[in-house]
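Before any comments, here is the structure.
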């Protein structure tokens, strides 16, 4: 626990963020014993709800635009489940999310998209759903959040776009630490997060397209980073400069598929993916698994296409540092430092490289969205 808290302090302690002033915007202060939900209900677009140190037993619902919820720091402001949850956002069915932002009908169809939500500098732990649950959001920012021991996801977006998820710590969650799903134009930034010891994935990108997963530290999960196609043909992700080590937790079979353990970075049936400059070490099965290894490329629901694997360091992964099922088109490997691969020859050898399966100048230039939501 001391080690975990030290990691969390290092990751979150450097955050000193403030939103630019908005004409007419208010700061609504909430002290321990007050209700954060009441502050949300009274807020207008542009307002900041500043939550002072303390433990708040609430589940929060947000259906307004341009609201900021700002704690005093992840080690100081904590959101935990209440004895009687607010009956919104699926809580009636027993899945209580810490913070839920959505506007939906009884069938969970999006009526109106929530715009420009910011959640920052607090802990969210122990909920039977997700820590942060965003459904039908545009331009949400979640930063400086510690999402821990929630039964579903730590931080999750569905059917959303232009989200920024940065400088968060997600651990001990039942599915993935950070999830981006069902978003054909996600245009998401998943950056500078620490995601570890989740009972599933560190970072899970499912049926979502256009985005970056960069500079994350992911370890101790069943699988580190996964891009998965279950029918929506996800594409256009840059997975760069991540440390993805020892994701050796064993996950039993689930609705998602068979048992899994020991996977660093996995790409399943996706297209237009750059995997570059990552360090992928020691990913080995800790129990039964259908597949394992350092960097895995497989075609399941559809063929792989336009995949670039370059300049990665991958060692001590079992059974292979690089694994490709030899399917798909324009799948390229070059200048990867590793020892074992399937098929043979994908690793750098001496001054040459036997794994060049394409044009060295085929680097893609993806559309990058604004970075103005970062509060540095």
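The values are calculated or read from the model by the stated rules, or taken from the named source; none is laboratory data. Model, not experiment: these values are computed from the prediction. Reconstructed Cβ throughout: ideal geometry from the backbone, glycine too, with neighbour counts over all protein chains shown.
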Any residue at all in region 128-146 that is surrounded by 24 or more Cβ atoms within 10 Å (Cβ to Cβ) and in contact with a helix residue (DSSP H, G or I) (Cβ under 7 Å, 6 or more places away or on another chain)?
yes
Of all the strands (runs of 3 or more DSSP E) wholly in region 175-246, which have at least 3 residues that are under 21 Å from residue 270 (Cα atoms)?
176-183, 188-191, 201-208, 211-214, 223-228, 235-240
Exactly one of these conditions fails for residue 253: (1) modelled with pLDDT under 95; (2) under 20 Å from the mean Cα position of the chain (by Cα). Give me its number.
(2)
Unmet criterion (only one of (1) more than 19 Å from residue 206 (Cα to Cα); (2) surrounded by 20 or more Cβ atoms within 10 Å (Cβ to Cβ)) for residue 242:
(1)
Scan region 267-292 for residues that are part of a strand (DSSP E or B) and either under 18 Å from the mean Cα position of the chain (by Cα) or at negative phi (or both) and jot them down.
267, 268, 271, 273, 274, 275, 276, 279, 280, 281
Looking only at region 131-141, which residues are closer than 14 Å to residue 59 by Cα and either in a strand (DSSP E or B) or free of Cβ contacts under 8 Å to residues at least 40 places away in the same chain (or both)?
132, 133, 134
Considering only residues that are within 17 Å of residue 134 (Cβ to Cβ) and more than 12 Å from the chain's Cα centre (by Cα), look in region 187-207 and name the one that is surrounded by the fewest Cβ atoms within 10 Å (Cβ to Cβ).
207
For residue 144, are the conditions met, namely being part of a loop (DSSP other than H, G, I, E, B) and modelled with pLDDT of 95 or more?
no
Set 296, 304: member being crowded, with 23+ Cβ neighbours inside 10 Å, touching a strand residue (DSSP E or B) at 6+ places or on another chain (Cβ under 8 Å) and either at pLDDT below 95 or over 18 Å from residue 244 (Cα atoms) (or both)
304
